[in-house]
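Undergrad: Submitted below is the structure of interest, expressed as structure tokens.
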Amino acid sequence: MKILVCLKQVPHQDARLDVRPDGGWIQEDTIKFEINSYDTYALEEALRVKDATQAEVVVVSIGPERVTQALRTALGMGADRAIHVKDPAVDGSDPLGIAKVLAAIAKAENPDLIFTGFMSDDGNFASVPPMLAELVGIPSATAAVQVERKNGTLSVSREIEGGAQEVVELTAPCLVAVQTGINQVRYASLKGIMAAKKKPLDLKTVADLGLSGQVGAGAAKIKVEKIAPPSKGSGAEMLTGSTDQIVSGIVSKIKELGLL
Amino acid sequence: MGTILIVAEIQGGKIREASFELASIAQKLAAAGGYQVRSLLAGKGVAALAEEFAKKGGGDVYAAEHDSLASYCVETASRAIRAAVDASGAELILLSNTPSGWDVAPRIAAALDAAFVSDCFKLDLEGGKLVCHRRVFNGKLDARVTTSGPRTVVTVQPGAASPFAGSTSGKVTPLAVELPAGARARFVAVKIAESKGVDLSKADIIVSGGRGVGAPEKFPEVIQPLADALGGAMGASRPVVDAGWLPHHYQVGSSGQVVQPKLYIAAGISGAIQHLVGMKTSNYIIAINKDPDAPIFEVANLGVVGDLFEIVPALTKAVLAAKG
């Protein structure tokens, strides 16, 4: 069995978000990056299947040189092989462009299962995974909080509203986009990190994938024109001063509400 | 100028409020940009609902009636929506960003090679061009997104627009949807959450902690004492539950409990949309966070930029003193 896990490297969740002067995105040159939180859960889910069945876990990520670190981390955690699509021609792709790149990888790898995160911590588009499944022609389920394998089918519990779950059965090959908290993500062991250095990490370009002219900014059908801090509504009354002054202010408010 | 197709959703035998919100958006765009509004209502026993939606902003409604459409499933929903897109020739397809919407909409967009913008809180027409507004970085920044190409699919955040309040007239047409055997996705069941622990929806006062609380033991050490002092209940944001620091029944948010207490105190909670959805209609919200740009301050009535480990214990002490 082969499992393909799609990873995205995103700004660290505590990174300073300074908007670029052109407003097109945040300044990325000076911040730290990490594997998208949702994707770490997807990788862990794949590694658990591997622990149980000796599946091959292949990780793929798209981006500049720094993405190698994310892929090595994944290999250190136990993935068998990594693919790095490193090509400026991908820059400016919309989610559909990214999905086309991943679909080309998936068509070449022909995995039984594809695990991804539900959305990315930066764009929050939650678009690529179902698009990828559509392009590859396989069923998908998003916001998965539980995945059970049963002989060629996957029983997936999807998180819906109010703490309820919707159970769907998918016939493999299929794609599951996982929610955070689906499992507890393992740390790479020292042994794993050392072994990772020898595991295959293959580079691909857009031309290698036969996608020249079909991805990147020129092909994108959506464009993030400008990002900016949200305009504050009527805004909170902000309390400042010493801890005592602040606490005093809060206690007064609670008394005013008739709750103290 | 074109056709808008609303993909309406049925929940508990009724049309979801979010679908009336889509109708409101569609009718505004139609008035401004000369679009025609059509809708799809797919399910089992939809005739009466289709008539209702046609009168309440849905315009001309396609009624796709089939047993297999009774519960959401990605394959059947996909086929029904594709059939409606083909029948209507719609250039703009609107869905709500609900668990069904976010599951199927991207697939529709990929199949149509269309522009796709998810989770928008506002749609405008500027010079005849669609401009979509959505949040990025877990609610911290607003993004203005434009689209190109002949067709666009958009999902809209539930609750972002007011439901359509006017009346329209439209005709209902049956829509045949091909649902061949050999489906590779099958709806099995809905599992309702077991109610465990405190029912937060009944608490008058909730003190919630987020990732900023830093470690599991800080919940009983720092957050619970304040909740106890106020005679309230403790809650948590999603990352706390994901990390295994507290069980799921403490989670406040769209996939946990939605609460409306008299007082909601959020300590160390950034304010991602999924959390805000769960508490923003609280009567009074106090937020404590060391990040002045935390989105939680947008819904808070009272905000403190500071260290919760200094403020919360001091507040607990002061509350106990005030109670004598």
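Values quoted throughout were computed directly from the atomic coordinates according to the rules given, and no laboratory measurement underlies them. Bear in mind the structure is a predicted one, so any value in this text is a computation, not a measurement. All Cβ positions, even for glycine, are placed from backbone atoms using ideal geometry, and neighbour counts span all protein chains on display.
Undergrad: If exposed trypsin sites (Lys or Arg not before Pro) are those in a DSSP loop with at most 14 other Cβ within 10 Å, what is the longest stretch of chain B that has none?
TA: It runs B:45-170.
Undergrad: Starting from the amide H of B:Val61, placed 1.01 Å from N in the peptide plane, find each other amide H under 5 Å away whose residue is 5 or more places distant or on another chain.
TA: B:Ser39, B:Lys171, B:Val172, B:Thr173
Undergrad: Return A:Thr205, A:Thr73, A:Thr142, A:Thr53 ranked ascending by Cβ neighbour count within 10 Å, so the fewest neighbours appear first.
TA: A:Thr53, A:Thr205, A:Thr73, A:Thr142
Undergrad: Over 23 Å between C-alpha atoms is what I'm after, so list which of B:Lys14/B:Lys202; A:Lys8/A:Lys100; A:Lys50/A:Lys107; A:Lys50/A:Lys198; A:Lys253/B:Lys218; A:Lys107/A:Lys198 land there. Can you show the working numbers first?
TA: Values: B:Lys14/B:Lys202 26 Å; A:Lys8/A:Lys100 15 Å; A:Lys50/A:Lys107 21 Å; A:Lys50/A:Lys198 19 Å; A:Lys253/B:Lys218 25 Å; A:Lys107/A:Lys198 25 Å.
Table pairs above 23 Å Cα-Cα are B:Lys14/B:Lys202; A:Lys253/B:Lys218; A:Lys107/A:Lys198.
Undergrad: Let me ask something else about it. So how do A:Tyr187, B:Tyr35, B:Tyr264 line up by other beta-carbon neighbours within 10 Å, fewest first? Show your work: numbers first, answer last.
TA: Working: A:Tyr187 10, B:Tyr35 21, B:Tyr264 29.
If I rank by nearby Cβ atoms, fewest first, I get A:Tyr187, B:Tyr35, B:Tyr264.
Undergrad: Just flag the trypsin sites (Lys or Arg not before Pro) in the stretch A:22-67 sitting in loop per DSSP whose Cβ has no more than 14 other Cβ atoms within 10 Å.
TA: A:Lys32, A:Arg66
Undergrad: Return the whole-Å distance between the Cα centroid of the stretch A:149-188 and the Cα centroid of the stretch A:20-84.
TA: 19 Å
Undergrad: Say the dipole of the stretch A:2-204 comes from +1 at the beta carbon of Lys and Arg and -1 at that of Asp and Glu; which of A:Val60, A:Ala46, A:Ser189 then lies farthest toward its positive end?
TA: Toward the positive end, the furthest listed residue is A:Ser189.
Undergrad: Considering only B:Gly45, B:Pro99, B:Val145, whose Cα is most displaced toward the positive end of the charge dipole of the stretch B:2-174, charges sitting on Cβ of Lys, Arg (+1) and Asp, Glu (-1)?
TA: Result: B:Val145, furthest along the dipole toward the positive end.
Undergrad: Between A:Asp208 and B:Ala165, take the C-beta separation as r, use R0 = 51 Å, and let me know the FRET efficiency to the nearest 0.05. Could you put the intermediate results ahead of the total?
TA: Numbers: r = 55 Å, r/R0 = 1.07.
The value I calculate is 0.40.
Undergrad: About the Cα centre, and with charges only on the beta carbon of Lys, Arg (+1) and Asp, Glu (-1), how big is the dipole of the protein assembly as shown? Nearest 20 debye, please.
TA: Dipole of the protein assembly as shown, to the nearest 20 debye: 280 debye.
Undergrad: Another question, then. Take every DSSP beta bridge whose two residues both sit in chain A, then give the antiparallel share in percent to the nearest 5.
TA: 40 percent
Undergrad: Can you pull the mean other chain C-beta count within 10 Å for peptide A:152-163?
TA: Details: counts 0, 2, 1, 2, 2, 4, 6, 4, 10, 9, 7, 15.
Partner-chain Cβ atoms within 10 Å, mean over residues of A:152-163: 5.
Undergrad: With an 8 Å cut-off on Cα pairs and a minimum separation of 6 or more residues, tell me the relative contact order of chain A in percent.
TA: Value for chain A: 25 percent.
Undergrad: OK, next. Sorting check: for A:88-100, B:267-279, which peptide has the highest mean count of neighbouring beta carbons within 10 Å, and how do the rest follow?
TA: B:267-279, A:88-100
Undergrad: Between A:Asp14 and A:Gln245, what length in nm is gained on full extension when 0.36 nm per residue of separation is reduced by their alpha carbon distance?
TA: So the extension gain works out to 80.3 nm.
Undergrad: Please sort A:243-249, A:79-85, A:130-136, B:163-169 by packing, taking for each peptide the average over its residues of neighbouring beta carbons within 10 angstrom, highest first.
TA: Highest to lowest by the protection proxy: A:130-136, A:79-85, A:243-249, B:163-169.
Undergrad: Any idea what the dipole of chain A comes to, in debye rounded to 20, about its Cα centre with Lys/Arg Cβ at +1 and Asp/Glu Cβ at -1?
TA: In total the dipole reaches around 580 debye.
Undergrad: Using just the helices of chain A, give the 222 nm mean residue ellipticity in deg cm²/dmol: DSSP H runs with n ≥ 4 each add -39,500 (n - 2.57), and the total is spread over all residues, rounded to 500. All intermediate terms of the calculation are to be shown ahead of the outcome.
TA: Details: 6 runs with 73 residues, N = 260.
Computed ellipticity for chain A at 222 nm equals -8500 deg cm²/dmol.
Undergrad: Related question: Cα centroids of the stretch B:265-315 and the stretch A:189-260: how far apart, whole angstrom?
TA: 17 Å
Undergrad: Using Cβ contacts closer than 10 Å as the measure, can you line up B:Thr281, A:Thr116 from fewest to most?
TA: Working: B:Thr281 15, A:Thr116 30.
Ranked by crowding around the Cβ, least crowded first: B:Thr281, A:Thr116.
Undergrad: How crowded by other chains is B:249-255, given as the mean number of beta carbons from other chains within 10 Å of each beta carbon?
TA: 3
Undergrad: Over the stretch B:2-174, what relative contact order in percent results from Cα pairs under 8 Å that are six or more residues apart?
TA: Numbers: 388 pairs, mean separation 51.9, N = 173.
In percent, rounded to a whole number, it is 30.
Undergrad: May I ask you to evaluate 6.51 cos²θ - 1.76 cosθ + 1.60, the Karplus curve with θ = phi - 60°, for each residue of the stretch B:44-49 and list the ³J(HN,Hα) values in order in whole Hz, giving x for glycine and proline?
TA: Using θ = phi - 60°, the values come out as 10, x, 9, 3, 5, 5 Hz.
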